[in-house]
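Novice: Could you have a look at this structure, given as structure tokens, before my questions?
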Amino acid sequence: MSKDSKRNGVRDVKEKQLKVASGYAMVVFIIILALLDILLWVAGIYNGVMYEYRPAVTILCIIAAVLTAVLFFVLLAGFHVVNPNEALVMTLFGNYYGTVKQPGFYFTNPFAAAASPVKGKGGRKISLKTMTLNNDKQKVNDVLGNPIIIGAVVIWRVSDPTKAVFNVENYRNYLSIQCDSTIRNIARLYPYDTIEEDENGRDEKTLRGSSQEIAESMRAELQKRVEEAGLDIIEVRITHLSYAEEIAAAMLQRQQAVAVIAARKKIVEGAVSMVQMAIDQLSEEEIVVLDEERKAAMVSNLLVVLCGNKDAQPIVNSGSIY
């Protein structure tokens, strides 16, 4: 038997590849055994009918036929079919017996049973295929305390079927619970979004803007949690991210206000630049000489035209500009 190691108070069973015999060769032996059993029954009955004075021979034939039938049915329990990307974890009288990963038709110890990955249910094979876990949406608080709704999908597979069977009671439920806990713990370390610019100019990670980096953090954290269950986390993807309903409307207004302020800032910067350019070109080319009061009036008029929400209505002066 393989040696076990203890980690965090849990016995970590080391995987052992089970050496198995071909099932096709045992099928031939089973057929021969069945024919022999039939022959013994026929011989016992025939001897009892035709030669009543030899009961000992009849009894021996019947006993041999019964023992052969019992052996036949016992050996039938040793046949197992392992499909591609499946594993068969077996126990023998309460102890770990071995694991079969290679696909094929095999014969094993008929007293060895397939270990069940779910307590209280019959034995079955462990799938080694890549699977997905669509985590339910859950409400969490980000680092700023804002309630948000987040959901993720986990791409995973069983890398060690022996650990998946013996180290946890139900590895699928174990993965689901650990996934919920990991998403909650990672999401509360980051803000949903950075609305105001950082005064120090730092590029702060956010749930909305840095979803790939945060998903990778979730994958690494989740991998550590499910290592003892023999699971391999391939990828974690954030599938849903939004503010909770109670603050969604307020945060939308806040984002709209920030967007309007940012747009106005750009408009003012562009308007001032255009006014400066107009004054400089008029002065350089000496098209018209303006005193400070006239420059102030022109600047005011241009800013009103450039920064206004509506199109300006021009007024043509047919007299003196003064």
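The values are calculated or read from the model by the stated rules, or taken from the named source; none is laboratory data. Since this is a predicted model, take the numbers as computed values, not measurements. Every residue, glycine as well, gets a Cβ built from its backbone with ideal geometry; the counts of neighbours run over all protein chains shown. The protein model used for the area step is the full one, side chains on, heavy atoms only, and it has no ligands, DNA or RNA in it. Shrake-Rupley method; radii C 1.70, N 1.55, O 1.52, S 1.80 Å.
Novice: Could you check region 106-132 and list, in sequence order, the residues that are part of a strand (DSSP E or B) and modelled with pLDDT of 90 or more?
Specialist: If we filter region 106-132 for residues that are part of a strand (DSSP E or B), which is where we start, we get 106-107, 113-114, 126-127, 131-132.
Once the filter is applied, which keeps residues that are part of a strand (DSSP E or B) and modelled with pLDDT of 90 or more, region 106-132 yields Met131, Thr132.
Novice: Do we find a residue being more than 50 Å from the chain's Cα centre (by Cα), at pLDDT below 85 and not small (Gly, Ala, Ser) anywhere in region 14-37?
Specialist: The answer is yes, given that some residue of region 14-37 is more than 50 Å from the chain's Cα centre (by Cα), at pLDDT below 85 and not small (Gly, Ala, Ser).
Novice: Answer yes or no: is there a residue in region 187-202 that is modelled with pLDDT under 90, assigned to a helix (DSSP H, G or I) and surrounded by 15 or more Cβ atoms within 10 Å (Cβ to Cβ).
Specialist: Yes, because at least one residue in region 187-202 is modelled with pLDDT under 90, assigned to a helix (DSSP H, G or I) and surrounded by 15 or more Cβ atoms within 10 Å (Cβ to Cβ).
Novice: Among (1) touching a Phe, Trp or Tyr at 6+ places or on another chain (Cβ under 7 Å); (2) over 20 Å from Asn141 (Cα atoms); (3) modelled with pLDDT under 85, where does Met274 come up short?
Specialist: Exception for Met274: condition (1).
Per-residue answers, yes or no, for (1) within 30 Å of Glu245 (Cβ to Cβ); (2) open to solvent by 10 Å² or more (accessible area, probe 1.4 Å); (3) in a loop (DSSP other than H, G, I, E, B):
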| residue | (1), (2), (3) |
| --- | --- |
| Val81 | no, yes, no |
| Ala87 | no, no, no |
| Gly98 | no, no, no |
| Gln102 | no, yes, yes |
| Asp136 | yes, yes, yes |
| Lys139 | yes, yes, no |
| Ile149 | yes, yes, no |
| Val153 | yes, yes, no |
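Novice: Can you go through Arg219, Arg294 and tell me which one is modelled with pLDDT of 75 or more and part of a helix (DSSP H, G or I)?
Specialist: Details: Arg294 fails: modelled with pLDDT of 75 or more.
None of the other options fit; the residue is Arg219.
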